[in-house]
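Read the structure below first, then the notes.
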Amino acid sequence: MTEPSVWTKRRMGALMGGGVGLTIGFIFGSWSILQNGAGPRGVLSTLSKTMLSSAATFSFFLAIGSVIRNESPILEAAHLQLMTPAPAIRSRAEGFQLMRARWEEERRRGPPRL
């Protein structure tokens, strides 16, 4: 059994976002029309504009989110690269010794040339 590709997951996220956005746009658009009136554009135009803008926004963000959450090998490799262990934390004394060694190295080199 193979896992869906990145593009398939993106499409599924966009379709789910579009459905959610249309529903939310219908609810909030209807509420806005009932509260404030349809305005000069009319009921259908105002409602469709609200529904489409909401659907586009939800679709865009859910498509991005579904690609980010994808567990493909390429993204897994990037995740492993980002999750490499952080450099070791040194004690205050070790940090001071390292800083002194760097200062001594700078003194030996002399002033910077401009």
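Look at Ala55 and say whether it is surrounded by 17 or more Cβ atoms within 10 Å (Cβ to Cβ), of a type in the set (A, V, I, L, M), in contact with a Gly (Cβ under 9 Å, 6 or more places away or on another chain) and part of a helix (DSSP H, G or I).
yes
Residues in segment 1-41 that are more than 22 Å from Phe58 (Cβ to Cβ), surrounded by 11 or more Cβ atoms within 10 Å (Cβ to Cβ) and more than 26 Å from the chain's Cα centre (by Cα): how many? Residues that pass the stated criteria total 3.
Could you count how many residues in segment 42-52 are assigned to a helix (DSSP H, G or I) and either loosely packed, with under 14 Cβ neighbours inside 10 Å or of a type in the set (Val, Ile, Thr) (or both)?
Kept after step one, since they are assigned to a helix (DSSP H, G or I), are these residues of segment 42-52: 43-52.
Going one step further and asking which of them are either loosely packed, with under 14 Cβ neighbours inside 10 Å or of a type in the set (Val, Ile, Thr) (or both), we end up with 43-46, 49-50.
Total satisfying the criteria: 6.
Tally time: how many residues in segment 58-75 are surrounded by 16 or more Cβ atoms within 10 Å (Cβ to Cβ) and either modelled with pLDDT under 80 or among the hydroxyl-bearing types (Ser, Thr, Tyr) (or both)? Qualifying residue count for the region: 3. Among the residues of segment 76-92, just one is assigned to a loop (DSSP other than H, G, I, E, B), among the polar types (S, T, N, Q) and at pLDDT below 70, namely Thr84.
For Gly95, state whether it is part of a helix (DSSP H, G or I), at pLDDT 70 or above and within 24 Å of Gly17 (Cβ to Cβ).
Numbers: part of a helix (DSSP H, G or I): yes; at pLDDT 70 or above: yes; within 24 Å of Gly17 (Cβ to Cβ): no.
Spelling it out, it is not the case that Gly95 is part of a helix (DSSP H, G or I), at pLDDT 70 or above and within 24 Å of Gly17 (Cβ to Cβ).
The values are calculated or read from the model by the stated rules, or taken from the named source; none is laboratory data. Since we're looking at a predicted model, the values are computed, not measured. Because the Cβ atoms are built from the backbone with ideal geometry, glycine has one as well, and the counts that use them run over all protein chains shown.
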